[in-house]
Every structure is written in C-alpha cells, then in structure tokens.
Amino acid sequence: MNIVHIITTIEFGGAEKQLLILARAQARLGHKVSVVYLKGMDELKQSFLDSGIQVIDSLSSRPFVIQIFLLRNVLFSNAYDIWHAHLPRSEVLLALSSCLMHKSAVLISSKHNAERFIPQAPKFISRTISRLCSIFFNSHIYISNAVAHFIRDSREISKRKTSKVIHYAYDETLDLKSPSVHKLDSPLHFLFVGRFEPQKNLFFLINTFKQFRKTFPKDSLTLVGRGSQEAELKLKSDEGIFFLPRTSEVENIYSSYDCLVLPSLYEGFGLVLLEAMAAGIPILCSNVSAMPEVMGNRYMGTFNPGEESSLIRKLTDLHDPIFFGFLATYCAERIKDFGVDKAALATLRLYEKAIRSENESF
C-alpha cells in the first residue's frame, strides 16, 4: 500500500510523535510511506528518514493558497492509495486539494484533539467548516473515546460518517523500564512535559505546588516544553520550580524524575502518559477527558484539575513508598495495552475497508 500522511508540523508534539510511531510501523510492515508537513521546524525529519519514510517539504511555510496547488501536484504525481490527514489545517488543505483533482483516492483523517475544529472561531463556524471538510473524507479515526464523544456531541461530524477509535501507541524504540521505587523520607522530583498553553492548566499546577512545598520543601517540580504562557509562568514560579526547553531525549528526561504530573483541563489522549509508563514512573493526572480512559478506571493517581486540595493529597500520598510502588507497578503493566502493532494493524484494516467501499461505489 502506498500511503501519504499530511500533517501541520513535524515538531516535537504529541500528534507529530505519534505519526512517527505509526508511519514507522507501517513502513516496517512493508508499506511505502510518505509524510508532507506544512510549516514549522523539521525537528522529526531525520527520524522519519531513518525509518525509511519519505519527507516532502516543498509545502513547508508556503502561503496557504499556494499549498493547495502544491499538495494537488504531489498527490496527482504519485500513485498513493491512502491520503491521511492529521490536524485541522491539514484536513482543510487536503479537502480543498482533492476538489481540484479528478482522481479516485481514499481520504482518511485522524482527530487528535478534544476541542473544536477551529478553537478560536464561534461554534457555528467551526462546526460548519468541519462538516464541509468531512464530506470529502471516507473515514475518521478518533484517538480516544473522549475525542469521539466530544466531536459527536458538538456535531462537528455527521453521525453517518464511518469512524473508529484507535488509541495511540507507545514508541517501540524505547526500552520498557521496571517500576521505579521510592525510599521513605526521600524528596520527590516531579515532572511536567508538554506545551505551555491554557489547556495544560499550568498556573494551577504551579500555585498548588507552591502550597505543597510548605510541607515538603525539598521536593521539586520541573516543567519541560515551551508555549505562549512560558514567560508568565516563570514569573509566577518560586524556589523548587524549574524550566527546561523541549527535547528529543525522552528516555533521559523521564528517567531523571520520580513522577509525571499532567494537570490538563482536557486531552485528546496524552502521549506523555505512555512515555512515563514506558519509563516505569508513576503518574498523577486529571480525572477528566481522555486521561481516565488511558490510565484505566482503577487507577488511583487521578485528581480534580480545579481543586488544589485534590492534587495536594495525591502529591502527599506519593511520599508513601507503598502507594508510590503501587502506581509505578500499575503504569509499567498498563503500557502493554498500547502496543504499536495493535494500532498499526487497526489503522491498516480501516484503510482496506475504506478502499473496498470506494471501489464498490464505482
């Protein structure tokens, strides 16, 4: 099968890293895979190339109207069986490019976020554009049930459209670590990894941690990433709270800390949860959106992302070596539910079904 993925960027983000994981598995299974990206730095380009995946950068940072025609030329000049879009900008571009072509193809989109198609636009406009784009796609993939429920409830895609939930997979190049342990009375070093944006609820995390350190002054919190709130977050920080830039050294980052904290107000999935599981460290995360789905209903490390006392209780409980060990062991086992072959094969089956349906319609 000849597959082309279109994505907004190939920077170090959850959707982007997950595409690398999926595309690498597809190539390993014998398929020809290409990736088109639209803007930003080419941070993951070499990783794609090293996995035998072609990276097409001719559209990068060009004006949107020009990108429509450039993508049309890329698609028209190659015998792709599947055109797979990731994230809204790519979906719009692929839909418009396909309008200019008289060529049979199968269009798939992956919905990575539990938010409106165009978050800044009024609901009606976002819904209208989403539903118009959806007309051109054969099938949609939701990365979690939370995303599926959000999109269906917001009516951004017709319920008549074919869709399937396919969870993210962990990076098979990472070595799965044994559960970490904690010694009584030892300080804990907490970690956040992600974008510094309102969705991540980082002012809540910093304010809560400042209160928590009044009881545990030797504990620390490190935030890894970048984003629009970075400068203000640093101003609000205090002793024991540190910042690091984004990095590709995933294993080194997680192995240097005791626990991942993800206080998001919502997540489409939360790839960092799988990265922390692979590192064998416990996780504290919000009890909303996709996070309970990823962690499982029995997981005891969730908290209310709007209640400081809820997070403080979990941060405090983690100082108990028994509780710490329970969460770490649970996470090290939970990662096995998110194998890459499972996700890749489910995606390929959806491709094949869409191709059969397309052929039957002619």
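Quick test for you: out of VAL261, VAL340, pick the one residue that is closer than 24 Å to THR215 by Cα, at pLDDT 95 or above and of a type in the set (A, V, I, L, M). Just a single option satisfies the conditions, and that option is VAL261. Evaluate the following for SER163: is it farther than 21 Å from ALA328 by Cα, touching a residue at least 12 places away in the same chain (Cβ under 8 Å), within 20 Å of the chain's Cα centre (by Cα) and outside any loop (DSSP other than H, G, I, E, B)? Yes.
The criterion of at least 1 residues that are over 30 Å from MET1 (Cα atoms) and either touching a Ser or Thr at 6+ places or on another chain (Cβ under 9 Å) or hydroxyl-bearing (Ser, Thr, Tyr) (or both) is met, among helices (runs of 4 or more DSSP H) falling completely within the stretch 300-362, by 308-317, 321-334.
Applying the set (1) among the β-branched types (Val, Ile, Thr); (2) part of a helix (DSSP H, G or I); (3) open to solvent by 80 Å² or more (accessible area, probe 1.4 Å) to THR215 leaves exactly one unmet item: (2).
ILE118 meets all of the listed conditions (1) within 15 Å of GLU16 (Cα to Cα); (2) touching a residue at least 24 places away in the same chain (Cβ under 8 Å) but one, namely (1).
Okay, residues lined up against (1) modelled with pLDDT under 95; (2) under 26 Å from VAL340 (Cβ atoms):
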{"site": "ALA146", "(1), (2)": "no, yes"}
{"site": "SER158", "(1), (2)": "yes, no"}
{"site": "SER163", "(1), (2)": "yes, yes"}
{"site": "HIS167", "(1), (2)": "no, yes"}
{"site": "ASP175", "(1), (2)": "yes, yes"}
{"site": "PRO179", "(1), (2)": "no, yes"}
{"site": "PHE203", "(1), (2)": "no, no"}
{"site": "LYS214", "(1), (2)": "no, no"}
{"site": "LEU223", "(1), (2)": "no, no"}
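Please go through the stretch 199-251 and pick out each residue that is polar (S, T, N, Q) and farther than 24 Å from PHE12 by Cα.
ASN207, THR208, GLN211, THR215, SER220, SER237 - these are the residues of the stretch 199-251 that are polar (S, T, N, Q) and farther than 24 Å from PHE12 by Cα.
Only a single criterion out of (1) over 20 Å from the mean Cα position of the chain (by Cα); (2) crowded, with 24+ Cβ neighbours inside 10 Å; (3) charged (D, E, K, R) is not satisfied by ARG349, namely (2). Restricting attention to the stretch 85-110, the residues that are acidic (Asp, Glu) and at pLDDT below 95 add up to 0. Across the stretch 173-196, a minimum of one residue is classified as under 20 Å from the mean Cα position of the chain (by Cα), surrounded by fewer than 20 Cβ atoms within 10 Å (Cβ to Cβ) and within 28 Å of GLY306 (Cα to Cα). A search for C-beta distances below 8 Å between a residue of the stretch 279-302 that is at negative phi and free of Cβ contacts under 8 Å to residues at least 24 places away in the same chain and any residue that is among the charged types (D, E, K, R) and surrounded by 18 or more Cβ atoms within 10 Å (Cβ to Cβ), counting only pairs 6+ apart in sequence or on different chains, returns THR302/LYS314. Apart from one condition, SER126 fits all of (1) among the small types (Gly, Ala, Ser); (2) assigned to a loop (DSSP other than H, G, I, E, B); (3) within 23 Å of the chain's Cα centre (by Cα); the exception is (2).
In this structure, does SER130 turn out to be among the polar types (S, T, N, Q), open to solvent by less than 20 Å² (accessible area, probe 1.4 Å) and under 29 Å from LYS342 (Cα atoms)?
In short, yes.
Go through the stretch 218-236 and give me each residue that's in a loop (DSSP other than H, G, I, E, B), surrounded by 18 or more Cβ atoms within 10 Å (Cβ to Cβ) and of a type outside the set (Asp, Glu). Across the stretch 218-236, the qualifying residue is only GLY225. Within the stretch 238-275, can you find the residues that are under 18 Å from LYS17 (Cα atoms), open to solvent by 40 Å² or more (accessible area, probe 1.4 Å) and touching a residue at least 60 places away in the same chain (Cβ under 8 Å)? Once the filter is applied, which keeps residues that are under 18 Å from LYS17 (Cα atoms), open to solvent by 40 Å² or more (accessible area, probe 1.4 Å) and touching a residue at least 60 places away in the same chain (Cβ under 8 Å), the stretch 238-275 yields ARG246, THR247, SER248, GLU251.
Scanning the stretch 290-309 for residues that are out of contact with any strand residue (DSSP E or B) (no Cβ under 7 Å at 6 or more places or on another chain) and either open to solvent by less than 40 Å² (accessible area, probe 1.4 Å) or under 19 Å from ALA114 (Cβ atoms) (or both) gives ALA290, GLU293, VAL294, GLY296, ASN297, TYR299, ASN304, GLY306.
The values are calculated or read from the model by the stated rules, or taken from the named source; none is laboratory data. Everything quoted here is computed from the prediction, not taken from an experiment. Because the Cβ atoms are built from the backbone with ideal geometry, glycine has one as well, and the counts that use them run over all protein chains shown. Protein only, heavy atoms only, side chains kept; ligands, DNA and RNA dropped before computing areas. Shrake-Rupley method; radii C 1.70, N 1.55, O 1.52, S 1.80 Å.
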